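See below for the structure under consideration.
The values are calculated or read from the model by the stated rules, or taken from the named source; none is laboratory data. Every value quoted in this text rests on a predicted model; they were computed, and no experiment measured them. When we count neighbours, we look across all protein chains shown, and the Cβ atoms used for this are built from the backbone with ideal geometry, even at glycine.
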Amino acid sequence: MKSDLKTRIWPAGEAAVAAADGCLAEGGLIAFPTETVYGLGADAANAAAIARLYRAKGRPAFNPLIAHVADLAAARRIARFDTTAIRLAEAFWPGPLTLVLPKSENCAVADLATAGLDTVAIRVPAHPVALAILRAFGGPVVAPSANLSGHVSPTTAAHVHSDLAGRIDLIVDGGPVAVGVESSIVGCFDSPILLRPGGLPRGEIERVLGRALLAPPEDADQDSGQPLAPGMLASHYAPRTQVRLNADRIEPGEAVLAFGPGTLPGMECAVAIMNLSPRSNVDEAAANLFGYLRALDVKGARAIAVMPIPHHGLGEAINDRLRRAAVGRE
Ligand code: TXA
Ligand code: MG
């Protein structure tokens, strides 16, 4: 696609929020910080703006988007909430939880954004800049992660700029994000299903539900048909360099994505080493994950060797993203 837009980068503040609001109203594309990752926003009711968004990201149009709103009242205008959905929304919004719900009768979100499904994914982000933009704009804003399709999600404005400069109108810079992995997605069907592990640990959701979340069916991960979470393509989060998981030694020419205080045989010859959390903290590791993958991706290593990472808390989302990164480039 042509890259001829002048992409402005503004520090977060009143002027940036007003510019973002104006841009959305004119059908423009704005990148803005949320607590999980930076989003690329467009007016959810404007199909032409959404078509530009898919084009800017190079994203397949069958991959539906999350509608971001300022509060539960706004969410209830676009989807039907049952008691389970209300309980989850009241417990976790604003926050890193996306709910997939039946569309309301007069749902303002364009069909192009929901890929023709009769459900819509919604979340209320817990970031003051995101909330200020949503309140100023008033309507729902669809926002996938602000990266080129297939790249890892951006956790700083600089990541957004390196992927999307020339393709979008405005980047609002609110500094590095706090969580670092995308929201957890729960499908509120007969039994709630964890469609994507993410920034809200499974255990916290299950505590509020009082029961276990189901797993999506096996074939929900395929690049075909209408899977439950069509965005979960196997290669969704891939860097260009090959990724090797659960390394117990480092081969010559490899870069290392480390975790914890330990070392591995061969590590002294690594091309580069970045440690997600020397003190073995999974929250810290999540916040560093995508930035470190981007940094190691440009070291010219033959592979990025990843040390084992525990599965508890945000570890489930980290391991999910790393698995996708590992199958990305065969
Ligand atoms: O943290 C996040 O969720 C970030 C920030 C920007 O909010 N957004 C994000 O959006 O990760 P995106 O587009 O990268 O991922 C959206 C996911 C995809 O896996 C998509 O398939 C799924 O949500 N999704 C959207 N609508 C859906 C629906 N109606 N049913 C099932 N899955 C849906
Ligand atoms: Mg994404």
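Does residue 200 meet the test of being within 14 Å of the chain's Cα centre (by Cα), surrounded by 21 or more Cβ atoms within 10 Å (Cβ to Cβ) and away from ligand 2 (no atom under 14 Å from the Cβ)?
Details: within 14 Å of the chain's Cα centre (by Cα): yes; surrounded by 21 or more Cβ atoms within 10 Å (Cβ to Cβ): yes; away from ligand 2 (no atom under 14 Å from the Cβ): yes.
It is true that residue 200 is within 14 Å of the chain's Cα centre (by Cα), surrounded by 21 or more Cβ atoms within 10 Å (Cβ to Cβ) and away from ligand 2 (no atom under 14 Å from the Cβ).
Out of everything in segment 122-156 that is of a type in the set (S, T, N, Q) and crowded, with 22+ Cβ neighbours inside 10 Å, what residue ends up being nearest to ligand 1 (Cβ to nearest atom)? I'd like the intermediate steps shown before the answer.
Keep residues of segment 122-156 that are of a type in the set (S, T, N, Q), which gives 145, 147, 149, 153, 155-156.
If we keep only those that are crowded, with 22+ Cβ neighbours inside 10 Å as well, we get 145, 147, 153, 155.
On the way: 145: 4, 147: 8, 153: 7, 155: 11 Å.
Step by step, filter segment 122-156, then rank; the result is 145.
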Which one is nearest to residue 283 (Cα to Cα), of the residues in segment 170-214 that are free of Cβ contacts under 8 Å to residues at least 60 places away in the same chain and of a type in the set (A, V, I, L, M)?
194
Considering only residues of segment 175-194 that are surrounded by fewer than 21 Cβ atoms within 10 Å (Cβ to Cβ) and away from ligand 1 (no atom under 12 Å from the Cβ), which is farthest from the chain's Cα centre (by Cα)?
190
Consider segment 187-234. How many of its residues are modelled with pLDDT under 95, touching a Lys or Arg at 6+ places or on another chain (Cβ under 9 Å) and farther than 17 Å from residue 83 by Cα?
6
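Determine which member of the set 24, 40, 5 is over 28 Å from residue 286 (Cβ atoms), crowded, with 24+ Cβ neighbours inside 10 Å and among the hydrophobic types (A, V, I, L, M, F, W, C).
Numbers: 40 fails: over 28 Å from residue 286 (Cβ atoms); 5 fails: crowded, with 24+ Cβ neighbours inside 10 Å.
After applying the criteria, what remains is 24.
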Restricting the search to segment 13-69, which residues are in contact with a helix residue (DSSP H, G or I) (Cβ under 6 Å, 6 or more places away or on another chain), part of a loop (DSSP other than H, G, I, E, B) and either acidic (Asp, Glu) or without any contact (Cβ under 8 Å) to a residue 60 or more places away in the chain (or both)?
27, 61
